[in-house]
Amino acid sequence: KSLNEQLDFLREKLAEYLKTQTTTNKIQGFIDAVNENVDEEDVAISERQKMSHMLKKVDETMFLNFNYTSTVHNYKSYPQAMHILKFNFIHGSLDNQNEMIFGYGDEMDKDFQDLIDRNENELLKNSKSIKYLETSHYRQLLEFIEGSPFQVYIMGHSCGNSDRTLLNTIFEHENCISIKPFCYINEKDEDNYSELTRNIYRNFSDKKLFRDRVVNKERCTTLDGRPLINKE
């Protein structure tokens, strides 16, 4: 109970801080990436039989927003959009702090079953899977990924263990045909592709799927289109 009270306090302070961090900037690379159609070279080998002219042309994009802020809404009505955009604040938003999900989301952890077996509800109070039931956001995600084959773009998410259950549901779904991470390059000209893909790896129980679905480094870029590998 004491830990949960501390988490509630941290969530409140985080919300206060994030409300001071606003921007109206739009990143052209973000817009360009959203407008891309599916490139067959990025699709998992085992999933290419699902490729068709209908699939290559993207009809809908869901922004699965993890960070509570409304920054993604900067792109809600930009004129360059070539298809339907859906916005899913899977962990809630600053507009309603009571719905902000701020807790633990790794049911694949070997010790998680021990928390369940203790038969103490306070231990599960901030379990993300349970909190997801308090809004319709998770069901909207399921409806989207069940609807048709989809490609995942990762922009700014570390893919760490705190969201492992949710990311596993997406990454190993039968309709997932590709996972393409967008990386950053630091001041030492080092990219984070290896670090990010190691985190993605932990979200897979089927490692064969991981090797097939994650787009390789030579086909990945930063969000502003800078290649990770100079092909010249």
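The values are calculated or read from the model by the stated rules, or taken from the named source; none is laboratory data. Keep in mind that what you see is a predicted model, and the values were worked out from it rather than measured. Please note: Cβ atoms are built from the backbone with ideal geometry, for glycine as well, and neighbour counts cover all protein chains shown. Note: accessible area is taken over every heavy atom of the protein model, side chains too, but ligands, DNA and RNA are not part of it. Shrake-Rupley method; radii C 1.70, N 1.55, O 1.52, S 1.80 Å.
Just a few scattered comments:
- Here the helices (runs of 4 or more DSSP H) wholly within the range 90-176 that include at least 2 residues being hydrophobic (A, V, I, L, M, F, W, C) are 112-117, 137-147, 164-171.
- Positions within the range 212-226 being of a type in the set (D, E, K, R) and assigned to a strand (DSSP E or B), in sequence order: none
- Restricting attention to the range 182-228, the residues that are open to solvent by less than 30 Å² (accessible area, probe 1.4 Å), in contact with an Asp or Glu (Cβ under 9 Å, 6 or more places away or on another chain) and closer than 19 Å to GLU172 by Cβ add up to 4.
- Matching residues, the range 79-89, being assigned to a loop (DSSP other than H, G, I, E, B) and surrounded by 13 or more Cβ atoms within 10 Å (Cβ to Cβ): ALA81, MET82
- Filtered residues of the range 177-207 (kept if under 21 Å from SER162 (Cα atoms) and in a strand (DSSP E or B)): ILE179, LYS180, PRO181, PHE182, CYS183
- Among the residues of the range 73-122, those that are under 18 Å from GLN6 (Cβ atoms), at pLDDT 90 or above and not polar (S, T, N, Q) comprise MET100, ILE101, GLU120, GLU122.
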